[in-house]
Amino acid sequence: MEIGKNYTGVLRLDSEPIVDEFLCRDPHYTFTESAQSAKVCHRNPYHYQGQHVSCTISPDGKPRLNFKQLKLDADFDKYRYAREVMNEVIQALDLSGL
């Protein structure tokens, strides 16, 4: 594994930690990378895809919000749009652990 690179997969706890008077063992984990992510070589894969906002994780681990093109039509309501964008930004940041 490379330092600072994000991987998609499953982390499994194989054994619990043991703390006894004469024995101390750390928990053991196994990481299995998803086959799909092993084939795809995106530089910044999407972490969140919404209707108005998408989120990628930059190589330094920080989330980057990307706004999609604004669709102005006869039914456009700037207040509804702003609420929907706010909700999507909150969801994207929640998924990023912030």
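Hey, got a sec? Which chymotrypsin sites (Phe, Trp or Tyr not before Pro) in segment 47-98 land in a DSSP loop and have at most 10 other Cβ atoms within 10 Å?
Here the chymotrypsin sites (Phe, Trp or Tyr not before Pro) that fit, given the DSSP loop and packing criteria, are F76.
Counting other Cβ atoms within 10 Å, keep those with at most 14, restrict to DSSP loop, and tell me which trypsin sites (Lys or Arg not before Pro) in segment 57-92 are left.
Answer by residue number: K68, K71.
Just so you know, all these numbers are worked out from the coordinates, no wet-lab data involved. Model, not experiment: these values are computed from the prediction. Note: ideal-geometry Cβ built from the backbone for every residue, glycine included; neighbour counts use all protein chains shown.
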